[in-house]
Amino acid sequence: MEGNGIMTKRKKTNVLDFNKHLKDLEAHFPMVQILDETGKVVNADLMPDLTDEQLVELFSDMLWSRALNDRSTTLARQGRLGFFAPTAGQEASQLASYFAFNKGDILLPGYRDIPQLIKHGLPVHKAFLWSRGHVVGNEYPEDLKAYPPQIIIGAQYVQAAGAGLGLKRRGKDNVALTYTGDGGSSQGDFYEGINFAGAFKAPVVFYIQNNGYAISTPRHKQTAAVTLAQKAVAAGVPGIQVDGMDPLAVYAVSKAARDWAIAGNGPVVIETITSRFGPHSLSGDDPKRYRDQASFDEWDKKDPLIRFRNYLTEKGIWDEAKEVALLEKVDEELKQAVKDADSTPKQKISDSLKVMFEEPTYTIKEQIKEFEAKEGNQ
């Protein structure tokens, strides 16, 4: 009954309509895109403020990454690398995101994020040595603000939260950035990391590189969430989904996220929709057992290199001659990196024993002598 005495029908509430709850949530996470598959601008309002020189630099980084992937694949198949996770297809997701950060930021990569780690300052030959399990691959330059690639799925999220909090407490004008895959977003460490960072407003940018598969488990079998970006809601932090094959969109979102974190607002979760063109790793995975050819054909049309090349060519700042010259230079650099890795002295068991304790025990000293004698005869 209203104040004037007239009976009115109470408006039906939707508070118990759980389907509406889901639909309303999904509507908040549209995929951000600036360039379509052909390289045409579809959202000029979000176009990042990059000079022609910066655009060329970014594309050069992406071409370098594809070349690194191809050379690493060849080396792995020759038995000259250990573990290797291919990166072809994810150049925009990886290199365009990293392009928004600087050397003062702390990088916490996953095992597929070797390109970003090298761009952050790790010599290429040490990346090869890391793959081989050589200790020198983990001996970083003093000014390299990065952790070794994380093998435990999602564990880097917890580390990133701590690194970000450390930057905040020291008053640094920097952030921590970390990457995992869609499978990583199903791990407990994923939520613990974003929740901790959110609670303490730590300056961290969390990436979920959604390439559709956690090794062979398809995305739709991992979670009921329609987007992975929406998982950020549970921790009270912003989440956003971006076309991970569009380098300009990835960069624009990444820069905005870094600016947000630097301003003291806390972390951001970014889901990049991308694809790996090859296997999960070269350690026995065969993607043809869980992906059909139509899936590969669909994503080939979205290749970030083709998309960006078309855009830059249309702008008149890129051509075939520049690309050939760049790839020739990259090829020589990679050849030299392989030589440097091959010339690194092999590891010795005695050397590992010497650093097992600050002061070797009697037993360890005996073992050191034993192995030094064997190694001297090799």
Ranking request for peptides 64-70, 203-209: highest mean number of other beta-carbon atoms within 10 Å first, then the rest in descending order. 203-209, 64-70
Give me the tail of P(r) for region 163-228 as a percent: Cα-Cα pairs with distance above 13 Å. 65
Sorted by packing (mean other beta-carbon atoms within 10 Å per residue), highest first, where do 188-200, 291-303 land? 188-200, 291-303
Roughly to the nearest percent, how much of the accessible area of region 185-263 is carbon and sulfur, given a 1.4 Å probe? 57
By DSSP, what percent of the beta bridges with both residues in the chain are antiparallel, rounded to the nearest 5? 10
Inverting the mean 1/r over all pairs of different Cα atoms, compute the Kirkwood radius of region 180-292 and quote it in Å. 14.7
Between Lys348 and Glu26, with labels modelled 7 Å along Cα→Cβ, what's the label distance in nm to one decimal, could you check? 6.3
Can you work out ³J(HN,Hα) from phi for every residue in region 24-33, in order, using Karplus 6.51 cos²θ - 1.76 cosθ + 1.60 and θ = phi - 60°, giving whole Hz and x for Gly and Pro? 4, 5, 4, 5, 7, 10, x, 7, 7, 9
Per-residue HN-Hα couplings for region 46-56, Karplus 6.51 cos²θ - 1.76 cosθ + 1.60 at θ = phi - 60°, whole Hz, x for Gly and Pro? 9, 4, x, 8, 10, 6, 4, 5, 5, 4, 5
So what's the convex hull volume per residue for the Cα atoms of region 98-158, in Å³? 86
Grab the DSSP H runs of the chain that are 4 residues or longer, score each as -39,500 (n - 2.57), total them, divide by all residues and round the 222 nm result to the nearest 500 deg cm²/dmol. -13000 deg cm²/dmol
Would you mind giving the average projected area, over all directions, of the Cα convex hull of region 280-323 in nm² with one decimal? 4.5
Apply the a/c threshold of 1.5 to the C-alpha gyration tensor of region 60-145 and tell me whether it is rounded, prolate or oblate. oblate
Quick check: residue separation of Glu328 and Glu298 times 0.36 nm, minus the Cα distance between them. What number comes out in nm? 7.8 nm
Protection-proxy order for peptides 356-365, 271-280, 87-96, 130-139, each taking the mean of Cβ atoms within 10 Å per residue, highest first: 87-96, 271-280, 130-139, 356-365
Taking Rh as the Kirkwood radius, which is the inverse of the mean 1/r over Cα pairs, what is the Rg/Rh value for the chain? 1.06
Phi to ³J(HN,Hα) by Karplus 6.51 cos²θ - 1.76 cosθ + 1.60 over region 193-200, Hz, x for Gly, Pro: x, 6, 5, 4, 4, x, 5, 9
Fully extended, how many nm does the chain gain between Tyr362 and Val15 (0.36 nm per residue separation, minus their Cα-Cα distance)? 117.8 nm
With a 1.4 Å probe and all protein chains left in place, how much accessible area per residue does the chain have, in Å²? 51
Per the 1.4 Å probe, what fraction of the accessible area of region 1-149, in percent, lies on carbon and sulfur atoms? 53
If you line up the long axis of helix 247-260 against the longest principal axis of the chain, both from Cα atoms, how many degrees apart are they, to the nearest 10? 80
Efficiency of FRET between Ala321 and Asp259 - r from beta-carbon atoms, R0 41 angstrom, step 0.05: 0.65
Average silhouette area of region 228-314, convex hull of alpha-carbon atoms, in square nanometres: 8.1
If you stretched the chain out fully between Asp45 and Lys339, how much longer would it get, using 0.36 nm times the residue separation minus the C-alpha to C-alpha distance? 101.2 nm
In region 335-365, which residues have a backbone nitrogen under 19 Å from the label point lying 7 Å from Glu372's Cα in the Cα-to-Cβ direction? 346-365
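The values are calculated or read from the model by the stated rules, or taken from the named source; none is laboratory data. All figures in this text were calculated on a predicted structure; none of them were measured in a lab. Note that we place each Cβ from the backbone using ideal geometry, even for glycine, and neighbour counts take in every protein chain shown. Surface accessibility is based on the protein's heavy atoms, side chains included, excluding ligands, DNA and RNA. Shrake-Rupley method; radii C 1.70, N 1.55, O 1.52, S 1.80 Å.
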